[in-house]
1. Using unit Cβ charges (K, R positive; D, E negative) and no other charged atoms, how large, in debye to the nearest 20, is the dipole of the chain about its Cα centre?
2. Based only on the alpha carbon positions, what is the Kirkwood hydrodynamic radius of segment 1-62, in angstrom?
3. Considering the dipole of the chain built from charges on the beta carbon (Lys and Arg +1, Asp and Glu -1) around the Cα centre, which of Tyr103, Thr92, Leu73 is farthest to its positive end?
4. Leaving out same-chain residues fewer than 8 places away, which aspartates and glutamates sit with a Cα under 19 Å from that of Lys3?
5. Considering all alpha-carbon pairs of the chain, what whole percent are spaced by more than 16 angstrom?
6. Give me the net charge of Arg102's neighbourhood, meaning all other residues with Cβ under 13 Å from the Cβ of Arg102; Lys, Arg count +1, Asp, Glu -1.
7. Given H placed on each backbone N at 1.01 Å, which residues far from Ala16 in sequence or on other chains put an amide H within less than 5 Å of it?
8. So what J values fall out for segment 59-65 if you push phi through Karplus, 6.51 cos²θ - 1.76 cosθ + 1.60 with θ = phi - 60°, rounded to Hz, Gly and Pro as x?
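Each reported figure results from applying straightforward, stated rules to the coordinates on display, with no laboratory input. Predicted, not measured: the structure shown is a model, and the values here were computed from it. Positions of Cβ are generated from backbone atoms using ideal geometry, with glycine treated the same way; all protein chains shown enter the neighbour counts.
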Amino acid sequence: MPKASCVYHPGRDAAAFCDGCGAPVCADCVSVRVSYFSRVAQKLCNACIAKSDAKAAAILIGAFVPFVLVSSLAWAFFFLSPLLGWLYLFSTPLFFGALALRYYRRRVEKIKAKAG
Ligand SMILES: [Zn+2]
Ligand SMILES: [Zn+2]
């Protein structure tokens, strides 16, 4: 057991160190979280739990908003004409693919420029 007191409860012995910020925390203040992406279990303090929840929410919204936009536009096009709808549905991945490709090429160019 680490000999330090909890950052939230001065006087109480720390039970662990937070894997997020390294702060010593008591048993009441530490929670074990399993990362959704890496499947790694982490001991986190309350502040880091709140931070990771906010990050997860931001990722979810970041994925949800474009999804709603794309799907509602698809419905609008299908409503106008099935041909337009299908054209739109097929062109959307192409559009985002081209965008991703451009972004990737720019990054490669930047790295090349840095390398000399
Ligand atoms: Zn922390
Ligand atoms: Zn505590």
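1. 620 debye
2. About 12.1 Å, per the Kirkwood formula over Cα pairs.
3. Farthest towards the positive pole: Tyr103.
4. Those aspartates and glutamates meeting the cut-off are Asp13, Asp19, Asp28.
5. More than 16 Å apart: 74 percent of the Cα pairs in the chain.
6. Its environment carries a net charge of +3.
7. Counting only residues 5 or more places away or on other chains, the set is Val25.
8. 5, 4, 5, x, 8, 6, 4
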